[in-house]
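Working notes, beginning with the structure itself.
The values are calculated or read from the model by the stated rules, or taken from the named source; none is laboratory data. Everything numeric here is computed off the predicted structure, so don't read it as measured data. Methodologically, a virtual Cβ is constructed for each residue, glycine included, from the backbone with ideal geometry; neighbour enumeration extends over all protein chains shown.
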Amino acid sequence: MLQQGRKYLHLKLKDLISKAGVRLIEIHLQSLEGIDPHFVHLGEVALYYDPAKYNDNDVYGIFQKLGFDIIDDAEDEIIERIRIAAIELIHYANNTNSLIRNSDYISERLQMSYDKLSRVFSKKCGKTLETYLIELKIEKAKELIASDKYSLSEISYMLEYSSVQYLSNQFKKVTGATVSQFKEDPAKYRKAIEDI
């Protein structure tokens, strides 16, 4: 599709699952002559480009240099959509997690059965969707603990744990460290969301 001599491109991107990634792409695209971003959202980008200066492969290369691969497989797209929905729920929704079950939220967002989503996720990622959700919750717990704004009891409640003990046990199982050990050196145990 051309608009005023420009070609339109809509891409799905792997690992574009954080607000920082969205901002990085927005800033980078605005600095390029001949490329006009239409929108940048978690998991996808749409833009217009000047075909006299770029071709599709040139544009793909821009994103690959920034660390984002182009998704061209239907199952890979489902995985990214699952990851985005889970991250939005656990990391950005501020206690929405307690209002709706993770499985219901993800299933509703993707308009697919949770069983199907879970099967695709396990097949492509080598771990269950439940394990992924637990790892995301523990990463959010690390963020909240490191902020020093909340008690462990408040964090347990915010992340839908039935008790501080349950959160502590799951924290140790996932990280290999106790909450006290984590507090001594948070940077040692933190992970980027993209690496979960």
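Please work out if residue 34 is free of Cβ contacts under 8 Å to residues at least 60 places away in the same chain, within 30 Å of residue 143 (Cβ to Cβ) and either of a type in the set (Ser, Thr, Tyr) or surrounded by 13 or more Cβ atoms within 10 Å (Cβ to Cβ) (or both).
no
Regarding residue 137, is this residue surrounded by 14 or more Cβ atoms within 10 Å (Cβ to Cβ), farther than 29 Å from residue 21 by Cβ and either touching a residue at least 12 places away in the same chain (Cβ under 8 Å) or of a type in the set (Lys, Arg) (or both)?
When the stated conditions are applied, residue 137 does not pass them.
Among what's in the range 169-179 and is surrounded by 12 or more Cβ atoms within 10 Å (Cβ to Cβ) and not hydrophobic (A, V, I, L, M, F, W, C), pick the residue that is nearest to residue 191 (Cα to Cα).
Out of the qualifying residues, it is 175.
Scanning the range 15-30 for residues that are of a type outside the set (A, V, I, L, M) and modelled with pLDDT under 95, which turns out surrounded by the most Cβ atoms within 10 Å (Cβ to Cβ)?
The selected residue is 21.
If I filter the range 54-69 for residues that are outside any loop (DSSP other than H, G, I, E, B), among the hydrophobic types (A, V, I, L, M, F, W, C) and within 22 Å of residue 138 (Cβ to Cβ), do I get at least one hit? Walk me through how you get there before you give the answer.
First, the residues of the range 54-69 that are outside any loop (DSSP other than H, G, I, E, B): 56-65.
With among the hydrophobic types (A, V, I, L, M, F, W, C) added as a condition, the list becomes 59, 62-63.
Going one step further and asking which of them are within 22 Å of residue 138 (Cβ to Cβ), we end up with none.
Checked the range 54-69: no residue is outside any loop (DSSP other than H, G, I, E, B), among the hydrophobic types (A, V, I, L, M, F, W, C) and within 22 Å of residue 138 (Cβ to Cβ).
Table: residues versus (1) among the small types (Gly, Ala, Ser); (2) outside the structural domain of residue 90 (by TED's automatic domain parsing); (3) touching a Lys or Arg at 6+ places or on another chain (Cβ under 8 Å).
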residue	(1), (2), (3)
122	yes, no, no
131	no, no, no
136	no, no, no
141	yes, no, no
159	no, no, yes
169	no, no, no
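Which condition breaks for residue 182 when tested against (1) hydrophobic (A, V, I, L, M, F, W, C); (2) over 26 Å from residue 11 (Cβ atoms); (3) in contact (Cβ under 8 Å) with a residue 60 or more places away in the chain?
(3)
For residue 95, state whether it is of a type outside the set (Gly, Ala, Ser), modelled with pLDDT under 95 and surrounded by 18 or more Cβ atoms within 10 Å (Cβ to Cβ).
no
Taking the condition of being touching a helix residue (DSSP H, G or I) at 6+ places or on another chain (Cβ under 8 Å) and under 14 Å from residue 12 (Cβ atoms), how many residues in the range 64-82 meet it?
10
How do the pairs read when you match residues in the range 104-117 that are among the hydroxyl-bearing types (Ser, Thr, Tyr) with residues anywhere that are assigned to a helix (DSSP H, G or I) and loosely packed, with under 12 Cβ neighbours inside 10 Å, using Cβ under 8 Å and keeping only pairs 6 or more apart or on different chains?
If the second residue must be assigned to a helix (DSSP H, G or I) and loosely packed, with under 12 Cβ neighbours inside 10 Å, the pairs left are 114/104.
Against the definition (part of a helix (DSSP H, G or I) and surrounded by 12 or more Cβ atoms within 10 Å (Cβ to Cβ)), how does residue 191 come out, yes or no?
No, not satisfied.
For every residue, the table says whether it meets (1) outside any loop (DSSP other than H, G, I, E, B); (2) crowded, with 19+ Cβ neighbours inside 10 Å.
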| residue | (1), (2) |
| --- | --- |
| 72 | no, no |
| 82 | yes, yes |
| 116 | yes, no |
| 130 | yes, no |
| 145 | yes, yes |
| 160 | no, no |
| 167 | yes, yes |
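Considering only residues that are of a type in the set (Gly, Ala, Ser) and not in a loop (DSSP other than H, G, I, E, B), which ones fall in the range 5-53? Let's see the steps before the verdict.
The initial filter retains those residues of the range 5-53 that are of a type in the set (Gly, Ala, Ser), namely 5, 18, 20-21, 31, 34, 43, 46, 52.
Residues satisfying the conditions are 20, 21, 46.
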